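Student: Following this message is one structure expressed as structure tokens.
Nothing in this text is a laboratory measurement; each read-out follows from the coordinates by a stated rule. Keep in mind that what you see is a predicted model, and the values were worked out from it rather than measured. FYI the Cβ positions are ideal-geometry reconstructions off the backbone, even for glycines, and counts take in every protein chain you see.
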Amino acid sequence: MLKALQLEPEKCTGCLQCEMACSFENEGVFNPSKSRIKVFTFHDEGRFAPYTCSQCAEAWCLHACPVEAIVINPATGAKDVHADVCVGCKVCTIACPFGTVNYNADSGKVIKCDLCGGSPACATACPTGAITYVDAEHTGYERMRAHAAQSLPHS
Amino acid sequence: MAWQRKILRVNLTAGTCTPEPLNMDWALKYIGQRGLASKYLAAEVDPKVDALSPDNKLIMATGPLTGTMAATGGRYSVITKSPLTGAIACSNSGGFIGAEMKAAGWDMIIFEGKSPKPVYLYLENDEAQLLPADGLWGKSVWETDEILHATHQDPLLRIACVGRSAETGCLYAGVVNDLHRAAGRSGVGTVMASKHLKAVAIRGTLGVGNVRDKRAFMDATTAGKKTLKDNAVTGVGLPTMGTQVLMNVINEVGAMPTRNMREVQFEGASKISAEAMLEPRESDGKPNLVTNGACFGCTIACGRISTIDPQHYTIANKNKYKGASGGLEYEAAWALGCDTGVDDLDALTYANFLCNEDGFDPISFGSTVAAAMELFDIGAITTEHTGGVELRFGSAEALTWAAEVVATGTGFGKDLGLGSKRLCAKYGHPDLSMTVKGQEFPAYDPRGIQGMGLTYATSNRGACHLRSYTVSSEIMGVPVKTDPLTTEGKPELVKAFQDATAAVDSTGLCVFTTFAWTLADIAPQVDAACEGGWTPETMLEVGERIWNLERQFNLDAGLTAADDTLPKRLLKDAAKTGPAKGQVNRLHEMLPQYYAIRGWTEDGRPTDETLSRLGV
Amino acid sequence: MHHVVVGAGPAGVIAAEALRKLAPKAQVTLVGDEPEPPYSRMAIPYFLIKQIEEAGTHLRKTADHFAKRGIDLRQARVTALTPASRTLTLADGGQLAYDTLLLATGSRPVRPPIPGMDLPKVTSCWTLADARRIAATAKPGARVVLMGAGFIGCIILEALARSGAKLTVVEMEHRMVPRMMNDTAGNMIKDWCTSHGVAVHTGTKVDAIETKGDALRVVLNNGSAVDADLVVSATGVRPNIELLEGTGIATRQGVLVDRHLRTSDPAVFAAGDVAEGIDFSTGEYSVQAIQPTAAEHGQLAARNMVGLRGAVHRGSVNMNVLDTLGLISSSFGLWMGKAGGDAAELLNRERYRYLNLQFEDDVLVGATSLGLTQHVGVLRGLIQSKTRLGGWKRKLMHDPTRVMEAYLANTQALGFNATVLK
């Protein structure tokens, strides 16, 4: 069974350990600005929300890519960016309606969550259990995907 | 090593920003942040300068672990000569700007001179620019933050700035970052404003990548996080209750300075405690506390995010205070509450919001208001001075009014902005000022916790709990329980805490980790990140070196052993209630021995032998 | 069952693959008329600056990709379509019968009626063959005139400037990327280009291109002239609909399609640059010559070709992203705004930062950005999901940078930590 990242914003304290873990795993640097997962802060409400790619079934980014640089990893179900193929055209960054594919000007390529190949560093690093990697069906994740599908029916 | 090896030198007089290499010889002797920046300050600034003159410098400094995955690795400090105390000042803050500075590729920023016109520093990786701040001068911290985010269209821009209190000369103004985190003590914000530097806005996308041994670093920091999680204080107490967990505890041991330290227990403590912050209120059924919030990289997350009761008088028709923002920490709750005798949680939260909004230290502010209330009580200050306000102990209205006038530096707010020492002197009763070296006390009465008396008296930045938090041992039993009412062993305890804390403050880590960690937990993290071969022993030595460097700066600035004392009230007037009833602080039993074990002369000067042993 | 796709660009390839998945037993034929394996025009600029080899432009990376999937990829030019007999005539005289047909023939550059356009050193930049020609000439120091600073022109501009050519851009309209950017953003891009050493003439036409020795002389309508070693024309594209002449299939600017991407002939569908489909924002039919729309069309057309129910085209959101010498810009939907709607705007000319949001009531309907690279897709998400922003509209009017928070607050269940603490 495929696993998915379960995000529970109500448990998040905004410490950004996930962002550091992500950038360290993927770039070898502690650098939140290069993280594939981002914590959004709602200061006035005292809320924090970690958010990243839900590996949505529609795979808007994958279909929009003109050079097949984004492919499904059969082991994880993640949509992986193959940096050696990506030309940096950024079409996927505007195609992803969730805003979770970002352009990295330093590398000239796009970056997105690939579930770290099946062992997401963010989930390991999260000190409060706000990010966990669990069986996809046991999460609110399916609801999240359903919501995504509902709010954005395939044109 | 986890240093970026790069300093930005900003000459405000000339309007230049110049990179220079970090002095690595010094880094290996002082680690970073507090220690290393103090070394730079001592080397570059004549200790006798007027703190508010262009000759003073202001340093924003990170530690080698700032911006890394080490738990709490988000700290930065502001180091300068204090206008409040005339001593060296180092104010430590969390939030996110320290890590951002590090991610932009800088270990520290040294500001020197004075800009002819208000400016702010925009720092995006290697790009450093001084930009005009005419439109920001006269704005609060919150407004400044908003304007700069809009100007640069970058929600992730991290901002540290001063508020109107600093601009109008309040001597205990801080530098506020990320809206409600502050390098709060000793008037470091006042120095910043005196240089016409309104804000520092940083965006760093380079990150911190050069840790010495990545594998060892991840192992050491992961082990450290587990220790924090498994510890009752850092794993449960602080995240759930915040530092406010102490309110009822300290009150019960009879060490709660109350009504300008006339008393040692506050009858209203439970109403302003952590427990009270979790109680749903009548008006909207919500508790004061909305959530706990973490600083960068912190797995403890003690920060309080609060709202004020929407029905409360303080915020009628004031929408900007109706959202959530930084709530009460213990020291603030004590100063704004116990010390003024006010037990209205919402009034305290409001005053705390104003401290954040316009950048002034709630400890010094609350203590100064408490002194003013005592002066009012004895008739030295009257409604003629206050413009009609009855400045009475216990009056929430008086407290919140005081916060409003200090925030903007208007009317009697100017006098309150002088701090307790100068206020009491001005109104003819210097003995009523509860300060050491001109800085106001924090929330532990040294009559009930003897070690804290020595802590305050000898603190290099004036009265301060964070220089040697012996409360940890004397009340909480960490690392070992000592009797709070005895002076025996306290000089050794204070020295050990002072040295260890100075080292921790120089790493980029938060001193709150030391509820769970000892240097044996910290040294492996530093060692994995940095060259230099770090052990608990070498770190303690660095701590001692820093302490002596700071001491030497103060002596050179003109301070003497006579300044290592406490207000008469704490030495002569016995505690009236509680377990410490009948006690005064017996500083005289501790101080000479403290000097001796420090390797100082009887008049408190480090001997040549001590200085050369430490290489100061 | 035989599904035939004409045109091996993104729309055609995606459709052929989707057809294969949806109808495992059917015969799927993909016809392209260029000699190379199916490739992406989007990638040509990166080939021009030698960031990638020619193979890097290929839509699919393995040589047997189509064969392995049982897609019959043929290189052939279709010369005629006979709807009555459901047959295609090929240039080699062969015939191809279909049960359903997808027209994904794309578009081609418009050739402006200017004297000298047929000179050998004047070229468009559309095919790999064009790209090879340009790469051979646009060496460092070469003088290049680029006609047209629309979306495609700007993509080429980036590549030409990076290859070290001395570049002059001539655009008829009064700002750059006029069909993607408003005055503010279009002129900021111009300023950016100018400050990066590219000469930009807006509001200027090319009157003629003349031979001058070994080189060219480009005469402008402002009375001046520019010498050039190469002229690249990017003055727009138009759909390849010639095949439909006389077939009775309805065309306007492109091939008219309904909400199932079906043309007026029930067996014939159209997708991508050639199709005049529904624009999500206006509800009207128009040609959107953009990659995401081609991909959407291709997917959806395939579903309809195999008769899937509910595969309704709700319209594609017009959107573009550009990287002009490092200045990244994007626009979405009704970026020019809607009458009676509200707009939020942040502008910092000195730092080349710009964000403009357009609302209808409390729904985001359009957006323009300069210098924004993080979470930019959420602008599309908010537009396409027609999320009612409620109180967040006021917050966005005040601070438009918080679009991601607005999206999350309106679509995700965000709880409060304090409830967990207790």
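Student: Provide the FRET efficiency to the nearest 0.05 for the B:LYS572-B:THR601 pair, computing r from the beta carbons and using R0 = 30 Å.
Tutor: 0.65
Student: Taking the Cα centre of segment C:122-235 as the origin and placing charges on Cβ (Lys, Arg +1; Asp, Glu -1), which of C:ALA199, C:ASN187, C:SER163 is farthest toward the positive end of the dipole?
Tutor: My answer, from the dipole projection, is C:SER163.
Student: Next up: Compute, for segment C:122-235, the length of the dipole vector about the Cα centre, with Cβ point charges of +1 (Lys, Arg) and -1 (Asp, Glu) only. Units Debye, rounded to 20.
Tutor: Dipole of segment C:122-235, to the nearest 20 debye: 220 debye.
Student: Tell me the trypsin sites (Lys or Arg not before Pro) within segment B:500-599 that lie in a loop according to DSSP and have at most 15 other beta-carbon atoms within 10 Å. Write down the numbers at each step before the final one.
Tutor: Numbers: sites: B:ARG545, B:ARG551, B:LYS568, B:ARG569, B:LYS572, B:LYS576, B:LYS581, B:ARG586, B:ARG598; in loops: B:LYS576, B:LYS581, B:ARG586.
Passing both the DSSP loop test and the Cβ count: B:LYS576, B:LYS581.
Student: Still on this model: Would you calculate the volume per residue, in Å³, of the smallest convex hull containing every Cα atom of segment B:201-278? Working shown, then result.
Tutor: On the way: hull volume 15.0 nm³, N = 78.
Roughly 193 Å³ of hull volume per residue.
Student: Follow-up question, since we're still on this one. Under the √(5λ) rule applied to the eigenvalues of the Cα gyration tensor, what semi-axes describe the equivalent ellipsoid of chain A? Give them in Å, descending. Kindly include the intermediate steps, with their values, before the conclusion.
Tutor: Working: eigenvalues 103, 72, 47 Å².
For chain A, the ellipsoid semi-axes come out as 23, 19, 15 Å.
Student: Let me ask another. Given the options C:GLU171, C:GLU36, C:GLU350, state which has the largest fluctuation in a GNM of chain C using a 10 Å cut-off (strictly under) for Cα springs.
Tutor: Its mean-square fluctuation being the largest, the pick is C:GLU350.
Student: So what is the relative contact order of segment A:57-112, in percent, for Cα pairs below 8 Å that sit 6 or more residues apart?
Tutor: Working: 84 pairs, mean separation 17.4, N = 56.
Worked out over segment A:57-112, it gives 31 percent.
Student: Now for a separate question. What are the membrane-span-like helices in chain B by this rule: whole DSSP H runs, Cα extent along the axis at least 18 Å, mean Kyte-Doolittle hydropathy at least 0.5? Present the calculation step by step, with values, prior to reporting the outcome.
Tutor: Working: long enough: B:214-230 (24 Å, -0.92); B:345-358 (20 Å, 0.06); B:362-377 (22 Å, 0.88); B:396-408 (19 Å, 0.92); B:490-504 (20 Å, 0.11); B:536-557 (31 Å, -0.64).
Going by DSSP H runs, the hits are B:362-377, B:396-408.
Student: Right, next: Separation of segment C:166-225 and segment A:68-93 by C-alpha centroid, Å?
Tutor: 36 Å
Student: Please compute the modelled spin-label separation between B:VAL236 and B:GLU146, points set 7 Å along Cα→Cβ, answer in nm with one decimal.
Tutor: Computed distance between label sites B:GLU146 and B:VAL236 equals 4.2 nm.
Student: Could you give me the percent of Cα pairs per 10 Å distance bin for segment C:122-235, shortest bin first, beginning at zero and ending with the bin that holds the maximum distance?
Tutor: Final binned percentages: 15, 50, 31, 3, 0.
Student: Tell me the GluC sites (Glu not before Pro) within segment B:507-598 that lie in a loop according to DSSP and have at most 16 other beta-carbon atoms within 10 Å. Present the calculation step by step, with values, prior to reporting the outcome.
Tutor: Working: sites: B:GLU531, B:GLU537, B:GLU541, B:GLU544, B:GLU550, B:GLU589; in loops: B:GLU531.
When the GluC sites (Glu not before Pro) of segment B:507-598 are filtered for loop state and at most 16 Cβ neighbours within 10 Å, B:GLU531 remain.
Student: Percent of Cα-Cα pairs more than 14 Å apart in segment B:397-442, please.
Tutor: Values: 531 of 1035 pairs.
Percent of Cα pairs beyond 14 Å in segment B:397-442: 51.
Student: Please give me the summed charge of the neighbours of C:ALA26: other residues whose Cβ is under 15 Å from its Cβ, Lys and Arg +1, Asp and Glu -1. Display every interim value, and only then the final one.
Tutor: Working: positive: C:ARG20, C:LYS21, C:LYS25, C:ARG69, C:ARG86, C:ARG303; negative: C:GLU17, C:ASP72, C:ASP99.
Net local charge, C:ALA26 excluded: +3.
Student: May I pose another question? Round to a whole angstrom and tell me the spacing of the C-alpha centers of segment B:479-497 and segment B:398-436.
Tutor: Each part's Cα centre sits 34 Å from the other's.
Student: Further question on the same structure: Equivalent ellipsoid semi-axes for segment B:1-123, as square roots of 5 times the alpha carbon gyration tensor eigenvalues: give them largest first, rounded to whole Å. If you can, show how the numbers build up before the last one.
Tutor: Numbers: eigenvalues 101, 52, 38 Å².
Calculated on Cα positions only, the semi-axes equal 23, 16, 14 Å.
Student: Once the other residues with Cβ under 11 Å from the Cβ of C:GLY377 are scored (Lys, Arg +1; Asp, Glu -1), what is the net sum?
Tutor: Numbers: positive: A:LYS90, A:LYS112, C:ARG380; negative: none.
Result for the neighbourhood of C:GLY377: +3.
Student: Now for a separate question. Could you tell me how far the Cα centroid of segment B:511-587 sits from the Cα centroid of segment C:270-285, in Å?
Tutor: Here the two parts' Cα centres lie 72 Å apart.
Student: Just subtract the alpha-carbon distance of B:ARG215 and B:ILE378 from 0.36 nm times their residue separation and send over the number in nm, one decimal.
Tutor: Working: separation 163, 0.36 × 163 = 58.68 nm, distance 6.40 nm.
Here the segment from B:ARG215 to B:ILE378 would lengthen by 52.3 nm.
Student: Continuing with the same structure: In whole Å, what three semi-axes, largest first, describe the equivalent ellipsoid of chain C built from its Cα gyration tensor (square root of 5 times each eigenvalue)?
Tutor: Values: eigenvalues 239, 224, 73 Å².
Taking √(5λ) for each Cα gyration eigenvalue gives 35, 33, 19 Å.
Student: Still on this model: If each of C:ASP33 and C:ARG394 carries a label point 7 Å out from its Cα toward its Cβ, how far apart are those two points in nm?
Tutor: In this crude spin-label approximation the distance works out to 5.9 nm.
Student: Compute the normalised compactness of segment C:326-421: alpha-carbon radius of gyration over 2.2 N^0.38 Å, N being the residue count. The partial results should precede the final answer.
Tutor: Working: Rg = 14.1 Å, N = 96, 2.2 N^0.38 = 12.5 Å.
Normalised Rg, Cα atoms only: 1.13.
Student: Still on this model: Kirkwood hydrodynamic radius of chain B from all distinct Cα pairs, in Å? Walk me through the numbers on the way to the answer.
Tutor: Working: mean 1/r = 0.0421 Å⁻¹.
Result for chain B stands at 23.7 Å.
Student: Quick one: A:HIS82, B:HIS465, fewest Cβ neighbours within 10 Å first, how do they rank? Don't skip to the answer; put the middle values down first.
Tutor: Values: A:HIS82 15, B:HIS465 20.
Least to most surrounded, the residues fall as A:HIS82, B:HIS465.
Student: Let me ask something else. Using just the Cα positions, wrap segment A:57-112 in a convex hull and report its mean projected area in square nanometres, one decimal place. Write out the running numbers ahead of the final one.
Tutor: Numbers: hull surface 14.4 nm².
Over every viewing direction, the Cα hull of segment A:57-112 projects on average to 3.6 nm².
Student: Give me the one-decimal Kirkwood hydrodynamic radius in Å for segment C:1-75, with the sum taken over alpha-carbon pairs. Present the calculation step by step, with values, prior to reporting the outcome.
Tutor: On the way: mean 1/r = 0.0783 Å⁻¹.
In segment C:1-75 this quantity evaluates to 12.8 Å.
Student: Return the FRET efficiency for the residue pair C:ALA91, C:MET336: r is the Cβ-Cβ distance, R0 is 25 Å, and the value is rounded to the nearest 0.05. Walk me through the numbers before you get to the answer.
Tutor: Values: r = 42 Å, r/R0 = 1.70.
The value I calculate is 0.05.
Student: Just how many % of Cα pairs in segment B:240-396 lie over 19 Å apart, if you round to the nearest whole percent? Walk me through the numbers on the way to the answer.
Tutor: Details: 6590 of 12246 pairs.
Tail of P(r) above 19 Å: 54 percent of Cα pairs.
Student: In nanometres, what is the gap between the two model label sites at B:ASP126 and B:SER612, each 7 Å from Cα along Cα-to-Cβ?
Tutor: If labels sit at B:ASP126 and B:SER612, their model points lie 4.6 nm apart.
Student: Give the span of the protein assembly as shown's Cα atoms along each principal axis, as three whole-Å numbers ordered largest to smallest.
Tutor: For the protein assembly as shown, the Cα extents along the three principal axes come out at 114, 65, 60 Å.
Student: Quick one: Debye curve from the alpha-carbon atoms of segment B:513-616 only, equal weights, vacuum; give me log10 I(q)/I(0) at q = 0.16, 0.22 Å⁻¹ to two decimals.
Tutor: -0.90, -1.08
Student: Beyond 20 Å between alpha-carbons counts as too far, so tell me which of C:LYS121/C:LYS190; A:LYS34/A:LYS90; B:LYS48/B:LYS114; B:LYS139/B:LYS320 fall in that bin. Intermediate results must be reported in sequence, preceding the final value.
Tutor: Values: C:LYS121/C:LYS190 26 Å; A:LYS34/A:LYS90 16 Å; B:LYS48/B:LYS114 18 Å; B:LYS139/B:LYS320 14 Å.
Correct reply: C:LYS121/C:LYS190.
Student: Separate question: Between A:SER33, A:SER54, A:SER107, which gets the highest mean-square fluctuation from a Gaussian network model of chain A, Cα cutoff 10 Å?
Tutor: It is A:SER107.
Student: If the cut-off is 15 Å between C-alpha atoms, which aspartates and glutamates fall inside it for B:LYS572, apart from same-chain ones fewer than 8 positions away?
Tutor: B:GLU263, B:ASP431, B:ASP445, B:GLU589
Student: Another question, then. With r as the distance between the Cβ atoms of C:ARG349 and B:ALA14 and R0 = 22 Å, compute the FRET efficiency 1/(1 + (r/R0)^6) and round to 0.05. The partial results should precede the final answer.
Tutor: Working: r = 27 Å, r/R0 = 1.22.
So the FRET efficiency works out to roughly 0.25.
Student: So, one more: What is the sum of charges, Lys and Arg at +1 and Asp and Glu at -1, for the other residues whose Cβ falls under 13 Å from the Cβ of B:ASP213? Please list the in-between numbers first.
Tutor: On the way: positive: B:ARG212, B:LYS214, B:ARG215; negative: B:ASP219, B:ASP527, B:GLU531.
Local charge sum for B:ASP213: 0.
Student: Using only the alpha-carbon atoms, what does segment C:215-263 span along each of its principal axes? Please give whole angstrom values in decreasing order.
Tutor: Taking max minus min along each principal axis of the Cα atoms, segment C:215-263 gives 49, 20, 16 Å.
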